[in-house]
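The values are calculated or read from the model by the stated rules, or taken from the named source; none is laboratory data. Quick caveat, the model's predicted, so the values are computed rather than measured. All Cβ positions, even for glycine, are placed from backbone atoms using ideal geometry, and neighbour counts span all protein chains on display.
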Amino acid sequence: MIRENVKTYIVNIRDLSFKSEQIVVDLTRYLAEQLPQIEIIRNGIELEVHMPEKMSKRVIRHRIRKFLYKKALNEEFRPISLNDGNKDGYFVKEKKQIQLTYY
């Protein structure tokens, strides 16, 4: 891959790795299979995604959402935009769930 026409995004998978390490491995494999033009490097709780300049950032979000749906995790997790000053990407965050008890 030519490094001049590459942009880098970060996918933070901290909450997902607490659930299961196998899910993180499956997500990495799924993204690599679905988007063969990207390069994924895992750094602890983050995935570095190197992709062509022409490709949209939303493609990553869409594929993460499809993965969560296929694994029946879409009720527990969701990808949200990463709001860090120097990093651009997504954060796979656990959804807040309200537990109401009725008497």
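In table form, for the structure just shown:
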item: In segment 39-54, residue surrounded by the fewest Cβ atoms within 10 Å (Cβ to Cβ) [restricted to those that are among the hydrophobic types (A, V, I, L, M, F, W, C) and in contact with a helix residue (DSSP H, G or I) (Cβ under 7 Å, 6 or more places away or on another chain)]; result: 45
item: Members of segment 55-95 that are in contact (Cβ under 8 Å) with a residue 60 or more places away in the chain and in contact with a Pro (Cβ under 6 Å, 6 or more places away or on another chain); result: 90, 92
item: Matching entry among 9, 90, 69 (being hydroxyl-bearing (Ser, Thr, Tyr) and out of contact with any Lys or Arg (no Cβ under 8 Å at 6 or more places or on another chain)); result: 69
item: Yes/no for residue 57 being of a type outside the set (Val, Ile, Thr) and modelled with pLDDT of 95 or more; result: no
item: Out of 16, 35, sole residue that is modelled with pLDDT under 90 and touching a strand residue (DSSP E or B) at 6+ places or on another chain (Cβ under 8 Å); result: 16
